[in-house]
Amino acid sequence: MEWEATIGLEVHVQLSTKSKLFSGAPTAYGAEPNTQACFIDLGFPGVLPVLNRDAVMKALKFGLSIGAEIPPYSVFSRKNYFYPDLPKGYQISQGDHPIVSHGVLNIRLDNGESKPIRITRAHLEEDAGKSLHEDFHGQSGIDLNRAGTPLIEIVSEPDITSSAEAVAYLKTLHSLVRYLEISDGNMQEGSFRCDANVSVRRKGETKLGTRTETKNVNSFRFVEKAIEYEISRQISVLESGGEIVQETRLYDSAKNETRPMRSKEEATDYRYFPDPDLLPLVINEKWLKDVKETLPELPWEKQQRFVTELDLSDYDANILSSQRELANYFEQAIKTTGKTAAKLTANWIIGDLLGALNKNNLDIARSPISPDQLAGMIARISDNTISGKIAKTVFEAMWQGEGSADDVIAKQGLTQITDDSAIQQAVDEILTSYPTQLAEYRAGKESLFGFFVGQVMKATKGKANPQQVNEVLKKKL
Amino acid sequence: MIRVWQTVIKGLLSRSCRLIKFPNPNLNEEKKLANPLITENDVRKVAHLARLTLNEKDIPERTKNLVNILDMIAHINDRDTQNITPMSSPFADTELFLRDDIVTEPNKRDAAHLIAPATESGLYLVPQVID
Amino acid sequence: MSHKTIAELSADLAQKKCSSVELTRYYLQRIKTLDPLLNSFITVTEEKALAQAAAADERRAKGENMPLLGIPIAHKDIFCTEGIKTTSGSKMLDNFIAPYDATVVTKYKEAGVVCLGKLNMDEFAMGSSNETSYYGAVKNPWDLTRVPGGSSGGSSAAMAARLAPATTGTDTGGSIRQPAALCGVTGLKPTYGRVSRFGMIAFASSLDQAGMLAATAEDCAILLNPIAGHDPKDSTSLDQPVPDYTATLNNSIGGMTIGLPKEYFTGEGMDAGVTKAVEAAIAQFKKLGAVFKEISLPTTDLCVPTYYVVAPAECSSNLSRFDGVRYGYRCEDPKNLLDLYERSRSEGFGEEVKRRIIIGTYVLSAGYYDAFYLKAQKIRRLISNDFEAAFKEVDLVLAPTTPSTAFKLGEKSADPLSMYLSDIFTISANLAGLPAISIPAGFAEGLPVGVQLLAPHFQEAKLLNAAHQFQQVTDFHQKIAPLNVE
């Protein structure tokens, strides 16, 4: 039996505002418990919410970046339920009238093709606090610092059909919110969280299967694993004649499994209604125009430009534009090297630099080699001061903190030998040192050409310009 | 049921309230509401949603009470409201006031915890929360 | 001294005929002597009051001369007062010392007002008789066997007995005007959004409005001046110009048109005494040059049903925060989380509050939302449209405040529906967000009768002008309940 999966994702993105969505309390992560929860966040009697303008701007930025519809007004509603991390007994969210609706995010599949994922809506809402389960004499502790932090919840249509697509979608979205500077996207700190709605059906079936919602998947890898687990769990339930229960499940990364959430066992009736403490939020044309002007170049626009303007391959352009910091690094570097060296620069970043960063578990922002340093090295390759091979030595030295490319080259005497007579002299010496091989070569064993190149390079400690060595050898042989 | 309602109201309307003339009931067929409007079971369910416990022995009386009130309320369905925009607030057409993104609230945990029923290590305590 | 209005007391203070400390002592003494009969105060803040009075006197000595500087008043216990118990009339908040002031309280502090204490009220402002208070019923100073009205029943009783020269109140469905009428004082409910709701414990957010009860319309104007206006802490407080409400009090009302909604004057169900007093008030306004005109508010019959959807719906959500976790009442030894919620709430809330939470939860719940909540919002629009049309023809609308005079304690408390229906004349102003004032208009069998004026949004000045002119030619507002202590 062939099965297919249908996946819809709900992503909660914390907006990087200084203060909360409806109060003037700070949003910084990691403060002492309950020191960043003011009386409004704590749901004290008589206090009222006042909306943060910057949070609205950030939501609009997101909406405009995915070509979404921004309705002229949106409405804040109360979602009513009791939970200790929800101080007011309701969450201020948006129901029927979200601030953003009907956008599209194109994701790039492994085969290089692009697939549009429709975004149903994105709405503004406040985050809840946290329940800490460490044992306080059989009780839980409640920290409400996070309560009231602005979120946009981004809901996709069920256009995603595999865990790989889900990850591609999330990475694209993650990259986008960082480009837009609307969120720090820090997944460990919970700034970017994902719930996955998963259902399976037999191939050819038109009706969607019953779906489950898996919560608490807070890394790309866990999303992938949780979805894979859920797909295979659902298939095996169905294949053994069972039924899928529509329920909320929790992903347990330690056990790599999902299990039903006990607290969500009863179907809740949230009784949404417009929050009478807040009037409808009206978005006028002028506001939209202003926000539009603040939009940065978006990842897919950058990717296009890298291909058309800088002649990068589609693949390289995609990698370099996939993260805002990486793109910035690249663009900073080619400011110095110039467009003509863009390809070479791209190769060094994607190959050696990302390789080294990966190996050392560093992100680009913490690269020991600055874009200017890298550019300095590229410039010496371009002007033939060093060869590509020597450049690896320079790169290594820069990584170790030995200064600029020029410093390294000077200190280690790595300048390439381009003086024709010097190279001729080196070639002559090698030819005299290896008469046997010379005879064999001349007798027709042309494969020995590489041997001579190697010997010359070795004799010059790799500093001879390899092209010139080739030319001179060809002449002399 | 409407007739019942009218009798109920008539009985309930004290000398002070007789001046309200309720319209002739003409409940729209497709909007016909359940009869009675609320049952004892509904009352239990709603009370649970609202996290209230009701004394079992009071439930019949309470339900009767609520039926009376809801019958009075249900009269809003007598009026045609096609093409009428719901009004959630007197000034729902006014532009919403927005605040600048500035931190204005200092830490007042001590003041807040001074009047809290149970705290420890800066946290509010509640019976074990189960995910 | 107790017969004096704020306008007069303010003049006395300015002319150094008395000090704020003397004034404050005088009212504290009255409270001590008379309130045991009325139960209108939940908390008396004697020490703080005297300190504030002394500070006010110092400011006066330095030459400051704001009209309210040194005037003592008392706040309904729905307004949060920093460092002072704020209960909203509920066991749920019996131990709640508010850590902040409501904006109304702040503004009065800034104006130099002295706070005498906190006034009794129906629990969470839900009630029309002040019998739902955890702190016991309040008695009507005109007849101690009768209710003072509600929910601002402590405010109206204290005012009627002149335990303070003015009191604050809140009005969600008539909670200022109805008790003002039943106690023979003047009560103003400003336009929705005219006065900040910040720090005012919410009942129904789209209906709640802060206002005051005082001896005269002039005093209401003096008291409205410092609190009217936009508050950056309340998104629903509107940024509209604030006039000096005292400036237009003496304008002639000759030629002013006043509408009489025919739906309010069918004669049926009204006390004869109330009808008579209202008719006399109309005649008085005519003498002042006002022109009366019959108007129609065709959705009047649905005001009560609509209100009893909107108000409970909002209250069911507003009162969810009282969960025994962060403040307020918490049950003993909760077995688990559900038990903590259910017992804290069931033990902390009184009957009427629970009833409204259940109604509100029900009308918002899946399957009933459209037929109740949404439908009520549409009817609310119709009610508002009725007034909008009416105000194209008239400047003000006149109506009785209540269909009857103060009823007996216990008379309606067992029958919530009849209690609800007694709000019929006051509810529409809240649904439409209109300003309205109740002024003393006579007596029926020794009990006060109120008449109500309603105005278009933000036309408080016009209301106060008409009411003030009426009070220039009548003396009902000068009558004080004949309370005697043996």
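The values are calculated or read from the model by the stated rules, or taken from the named source; none is laboratory data. Small disclaimer: the values here were computed from a predicted structure and weren't measured. So basically every Cβ, Gly included, is an ideal-geometry build from the backbone, and we count neighbours across all protein chains shown. Just the protein is used for accessible areas: all its heavy atoms, side chains included, with ligands, DNA and RNA removed. Shrake-Rupley method; radii C 1.70, N 1.55, O 1.52, S 1.80 Å.
Annotations for the structure displayed:
- In this rough spin-label picture, where each label sits 7 Å from Cα along the Cβ direction, the A:GLU285-C:MET1 distance is 6.5 nm.
- Once B binds A, the 1.4 Å probe can no longer reach about 4100 Å² of accessible area, counting both sides.
- Taking both sides together, the accessible area buried where A meets C is about 2800 Å² for a 1.4 Å probe.
- Calculated P(r) of the stretch A:59-113 - Cα pairs past 16 Å, %: 59
- Share, in percent, of DSSP beta bridges within chain C that are antiparallel, nearest 5: 75
- Where only C-alpha atoms are counted, convex hull volume of chain C per residue in Å³: 138
- Heavy-atom surface analysis with a 1.4 Å probe gives the stretch C:341-477 a carbon and sulfur content of 47 percent of its accessible area.
- Between amide H atoms placed 1.01 Å from N, distances below 5 Å from C:ILE84 occur with C:ALA98, all of them 5 or more places distant or on a separate chain.
- Cα lying deepest toward the dipole's positive end in the protein assembly as shown, options A:ALA147, A:ALA333, B:VAL43, charges on Cβ: B:VAL43
- In Å², nearest 10: area of A:ARG146 left accessible to a 1.4 Å probe: 50
- Solvent-accessible surface (1.4 angstrom probe) belonging to C:THR5, in square angstrom, nearest 10: 20
- With every protein chain in place, the stretch A:288-403: carbon and sulfur % of accessible area (1.4 Å): 48
- When shorter helices are ignored and each DSSP H run of at least 4 residues is given -39500 (n - 2.57), the per-residue value for chain A at 222 nm works out to -11500 deg cm²/dmol.
- Exceedance of the 31 Å cut-off in Cα-Cα distance is limited, within the set C:LYS4/C:LYS412; A:LYS115/A:LYS289; A:LYS20/A:LYS171; A:LYS339/A:LYS389; C:LYS4/C:LYS62, to C:LYS4/C:LYS412.
- Percent breakdown of C-alpha pair distances by 5 Å bin, ordered from the shortest bin, for the stretch C:11-167: 2, 11, 20, 21, 19, 14, 8, 4, 1, 0
- Mean-position separation - Cα centroids, the stretch C:1-79 and the stretch C:111-173, in angstrom: 18
- Chain A: translational diffusion in µm²/s, Stokes-Einstein, Kirkwood Rh over Cα pairs, 25 °C, 0.890 mPa s: 93
- Accessible surface for chain C, divided over its residues, is 28 Å² per residue with a 1.4 Å probe.
- When A:PHE220, C:PHE285, A:PHE136 are compared by accessible area at a 1.4 angstrom probe, the order from most to least is A:PHE220, A:PHE136, C:PHE285.
- Label sites at C:SER296 and A:GLU297, each approximated as a point 7 angstrom past Cα along Cα to Cβ, lie 6.8 nm apart.
- DSSP-defined beta bridges in the protein assembly as shown - what % are antiparallel, rounded to 5: 85
- Site pair C:THR33 and C:LYS16 shows an inter-label distance of 2.8 nm when each label is modelled 7 Å from Cα along Cα→Cβ.
- Options A:GLN424, A:GLY46, A:SER404, ranked by Cα towards positive dipole end of chain A, top entry (Cβ charges): A:GLN424
- From its DSSP helices (H runs of at least four residues, each -39,500 (n - 2.57)), chain C gives a residue-normalised ellipticity at 222 nm of -11500 deg cm²/dmol.
- Ranking by accessible area, most exposed first, for B:ARG62, A:ARG259, A:ARG178 with a 1.4 Å probe: A:ARG259, A:ARG178, B:ARG62
- Evaluating 6.51 cos²θ - 1.76 cosθ + 1.60 at θ = phi - 60° for every residue in the stretch A:83-98, the Karplus couplings come out as 7, x, 8, 10, x, 7, x, 8, 9, 7, 9, 10, x, 5, 10, x Hz, glycine and proline recorded as x.
- Alpha-carbon Rg/Rh ratio, for the protein assembly as shown, with Rh computed the Kirkwood way: 1.13
- For C:LEU434, the residues whose modelled amide H falls within less than 5 Å of its own, excluding neighbours fewer than 5 places apart on the same chain, are C:TYR192.
- Per residue, the convex hull volume that the Cα atoms of the stretch A:145-238 enclose (Å³): 114
- Interface area, C with B, accessible, probe 1.4 Å, both sides summed, Å² nearest 100: 6500
- Within the accessible area of the stretch A:1-52 (1.4 Å probe), percent carbon and sulfur: 50
- Listed residues C:LEU463, C:LEU144 arranged by accessible area, highest first, probe 1.4 Å: C:LEU144, C:LEU463
- Distant-in-sequence amide contacts of A:TYR90, defined by a placed amide H-H separation under 5 Å and a gap of 5 or more residues or a different chain, comprise A:TYR81.
- Among the protein heavy atoms, those of C:GLU46 account for about 70 Å² of accessible surface (1.4 Å probe, every chain in place).
- Mean separation of Cα contacts under 8 Å, 6 or more apart, over the residue count of chain C: relative contact order %: 18
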